[in-house]
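Notes for the one structure printed next.
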Amino acid sequence: MILMRILSVVLVVVMTIPAIALQPDEILEDAELELRARDLSTELRCLVCQNQSIDDSDAPLARDLRLLIRERLVVGDSDDEVIDFVVARYGEFVLLRPPFAPHTWALWLAAPVLLILGALAVFASFRRRSARGDQKTVPLSSDEQSELQRILKR
């Protein structure tokens with residue numbers, strides 16, 4: 001019973017960790033704008049943490065970016081205009097999902113190409129093994145059979 005209570009407390013604490021990043025003074029009064037701001041915040045990378053969105057990060061720069069997004073939304077910018085503004089300031093690295101463009105093709109296509117090449121290699125390996133299995137087997141000579149029988153009797 002006590003173990004269940006401890007696990008429940010740990011679960012609640014773990015589930016609230018991403019919510020800690022957003023400070024109460026950052027939240028907009030307009031619920032629709034706040035929802036848009038949260039959606040945009042999940043698409044932008046924290047430049048300090050690099051593997052977190054600014055929505056999940058508690059770094060000061062992430063907070064500044066969250067406030068910047070909210071300021072731009074209050075002014076009346078569309079979601080695309082806000083993203084374009086942030087990208088113009090910080091570069092495409094700030095995007096968690098970079099665009100599919102010639103300079104990012106390697107990023108987007110490397111995994112599928114390597115997966116296909118790996119599947120082809122496995123297929124070729126099985127084909128070679130099955131081709132070798134179709135060859136006729138040579139029976140053991142009498143000396144080999146007697147040696148095999150001697151080994152098996154041990």
Any idea what angle helix 142-152 forms with the longest principal axis of the chain, computed on alpha-carbon atoms, 0 to 90 degrees, nearest 10? 60
Relative to the chain, whose Cα atoms define the longest principal axis, helix 60-75 and its Cα axis are tilted in degrees, nearest 10, by 60
Quick one: net charge around Val122, please, counting Lys, Arg +1 and Asp, Glu -1 for every other residue with C-beta under 12 Å from its C-beta. +3
Percent of all Cα-Cα pairs per 10 Å bin for region 64-148, counting from 0 up to the last occupied bin, reads 13, 20, 15, 13, 11, 9, 8, 6, 5, 0
Give me Leu152, Leu7 ranked fewest to most by other Cβ atoms within 10 Å of their Cβ, as a rough exposure proxy. Leu152, Leu7
The chain - convex hull of alpha carbons, volume per residue in Å³: 291
What's the angle, to the nearest 10 degrees (0 to 90), between helix 31-43's Cα axis and the longest principal axis of the chain? 40
Give me a comma-separated list of calculated 3J(HN,Hα) values for region 84-100, in order, Karplus coefficients 6.51, -1.76, 1.60 applied at θ = phi - 60°, integers in Hz, x for any Gly or Pro. 4, 5, 5, 5, 4, 7, 10, x, 5, 4, 6, 7, 6, 10, x, x, 7
Contour excess over end-to-end distance, with Cα ends at Ser125 and Ser78 and 0.36 nm allotted per residue: 11.6 nm
Using a Gaussian network for the chain with springs between C-alpha atoms less than 10 Å apart, which of these wobbles most: Ala106, Ala131, Ala88? Ala131
What residues qualify as long-range amide H neighbours of Gln52, i.e. H under 5 Å apart, gap of 5 or more or another chain, H built at 1.01 Å from N? Cys46
Would you pull out the residues with amide H under 5 Å of Leu95's amide H, same chain only if 5 or more places away, H placed 1.01 Å from N? Arg45
For the chain, averaging the sequence separation of alpha carbon pairs under 8 Å that lie six or more residues apart and dividing by its residue count, the contact order in percent is 16
Highest-MSF residue in the chain out of Ser125, Ser53, Ser41 [GNM, Cα springs under 10 Å]: Ser125
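Readers should treat all values here as calculations from the given coordinates under stated rules, not as data from a laboratory. Computed from a predicted model, the values in this text were never measured in an experiment. In this analysis, Cβ positions are derived from the backbone assuming ideal geometry, glycine residues included, and neighbour counts consider all displayed protein chains.
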